[in-house]
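The values are calculated or read from the model by the stated rules, or taken from the named source; none is laboratory data. Quick caveat: nothing in here was measured; it's all calculated off a predicted structure. Using ideal geometry, Cβ is built from the backbone for each residue, glycine included, and neighbour counts are taken over all protein chains shown.
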Amino acid sequence: MRFAPAERLARASARAIVLAAGLALAACSTTPTASVLRFHNQPISRGTVYIQPANPQMAGSLEFRAQANAVGAELQRNGFTVVQSPPAQFNAIVNVQTSERMTAGRQSGVSIGVGGGFSSGNVGMGTSVQVPVGGQSRPNVATTTTLSVSIVQSGTNTAVWEGRSSLDTEAGGQSGTALTPILASTMFQGFPGPSGQTVQVPIR
């Protein structure tokens, strides 16, 4: 797994997601944001880092490779050197989780969204036109995707930095690993970022 081409792939994926976000922004004035929370003790030294999944069973999977590519690109952008195998000065432990919840139904009429559209100002992919029938409101299922990254010192397993970035999408929108590039970008924006504060980071 090499991160030089992976970084280009991660950037291309992020651009595709932001392009879809731009389509949605044409129909609304709210800038989409991700909810980001970070913990650390400054200063944070840089060095070699090995990326591994929180769930060991995902190691070697295509899904984890995509997650590691996105996180690795951001780590390299912030001065770390990603290595393909241990030992390394740091380990970056990556986890992606999704959860679903019901949201209030929409009223009748024509609604235009981007792949299920936005929920609380967040990103979905692919345009769609929805025309409810009979003037009835209908329930929606919103999906929350959360990327978590812990950077720990090798040997001691002492955490030096922890971050979490969450994004909501409506039914039909992208979720899970597909959103990892944009979640990683928001999480590492302004690295190491304010500690212990939940902030809304604009999606660019």
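Listed here are the residues, each with its yes/no results for (1) surrounded by fewer than 23 Cβ atoms within 10 Å (Cβ to Cβ); (2) more than 10 Å from the chain's Cα centre (by Cα).
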| position | (1), (2) |
| --- | --- |
| VAL149 | no, yes |
| THR156 | yes, yes |
| VAL160 | yes, yes |
| ALA171 | yes, yes |
| LEU179 | no, no |
| ILE182 | no, no |
| GLN197 | yes, yes |
| PRO202 | yes, yes |
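Checking ALA70, ALA27 one by one, the residue that is modelled with pLDDT of 80 or more, on the phi < 0 side of the Ramachandran plot and not hydroxyl-bearing (Ser, Thr, Tyr) is ALA70 and no other.
Counting just the residues of the range 115-145 that are surrounded by 19 or more Cβ atoms within 10 Å (Cβ to Cβ) and in a strand (DSSP E or B), which one comes out modelled with the lowest pLDDT?
Applying the filter and picking the extreme gives PHE118.
Here ARG46 meets the list (1) surrounded by fewer than 17 Cβ atoms within 10 Å (Cβ to Cβ); (2) at pLDDT below 95; (3) not in a strand (DSSP E or B) almost entirely, failing just condition (2).
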